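Here's the structure we're looking at; comments come further down.
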Amino acid sequence: RTETLTIPADTIANEEVLLVPSSQDVFISKRSGKYDIYSRYVDGTQETLLLPGTGTEQSDTHLLPNPKSSVVALVSSRDGLRNESGSMTSSVYLLDTTTKQVEKIDTSSSERVRLIGWDGDTVVFVKTATNQLADKGSTQTIVAYDAAKKEVHEVATASNFTDVRLIKDAVYYVLPA
């Protein structure tokens, strides 16, 4: 970050100056008993509550900052929604760390959601839906959401992906043998 230091011209002693990145670290804390989202500089200064928890968040709450913008993707069950079998579902939210605005990706709700990565304004994630009532196992879907255009693209669907990676601007996935 940018700070102004004044060192007198007649100073003989060495002056220690610590440098801190200009972007803030975004993290989850449960110190209030809820999964709250905070930001602060890496030296611990200027801590700000970005998004208070609702109390319905589960331990699989996680986030992934976009390295090229102030937006953070967040997986959370903050809505408190449940599927037809009673299991809590999570959704993907986009949190702008400068404006504190939150946007829910409507089609992202599922029993399990895993963030893969960012490509520009597009976040890639895998959602897993378990069909326990029909006893048909689970289905995984790789989703790419373009935040600038507000467009959802289903990349692939399978009963299981062994691995999913975002490398440069391509999504690679492996199916079980």
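For the stretch 143-155, a residue qualifies if it is within 19 Å of VAL71 (Cα to Cα) and without any contact (Cβ under 8 Å) to a residue 60 or more places away in the chain, and the qualifying residues are VAL143, ALA144, TYR145, ASP146, ALA148, LYS149, LYS150, GLU151, VAL152.
Among the residues of the stretch 100-120, those that are assigned to a loop (DSSP other than H, G, I, E, B), on the phi < 0 side of the Ramachandran plot and in contact (Cβ under 8 Å) with a residue 24 or more places away in the chain comprise ILE105, SER109, GLU111. The set of residues from the stretch 87-99 being without any contact (Cβ under 8 Å) to a residue 24 or more places away in the chain, in a strand (DSSP E or B) and of a type outside the set (Gly, Ala, Ser) comprises just one member, TYR93.
Annotation: of all residues in the stretch 1-46 being acidic (Asp, Glu) and under 21 Å from the mean Cα position of the chain (by Cα), the one that is most open to solvent (accessible area, probe 1.4 Å) is ASP25. Close Cβ contacts (under 9 Å, 6 or more residues apart or on different chains) running from residues in the stretch 156-175 that are at pLDDT 95 or above to residues that are among the basic types (Lys, Arg) and in a strand (DSSP E or B) comprise VAL164/ARG114; VAL171/ARG165; TYR172/ARG165; TYR173/ARG165; VAL174/ARG165. The sole residue among LEU64, LEU95 that is surrounded by 14 or more Cβ atoms within 10 Å (Cβ to Cβ), over 15 Å from ALA148 (Cα atoms) and at pLDDT 95 or above is LEU64.
Of ASP119, ASP79, all but one fail to be more than 25 Å from ASP36 (Cα to Cα), surrounded by 13 or more Cβ atoms within 10 Å (Cβ to Cβ) and among the acidic types (Asp, Glu); the exception is ASP119.
The values are calculated or read from the model by the stated rules, or taken from the named source; none is laboratory data. Since this is a predicted model, take the numbers as computed values, not measurements. For neighbour counting, all protein chains shown are included, and Cβ atoms are generated from backbone atoms with ideal geometry for every residue, glycine included. SASA here: full protein model, heavy atoms, side chains in, ligands and nucleic acids out. Shrake-Rupley method; radii C 1.70, N 1.55, O 1.52, S 1.80 Å.
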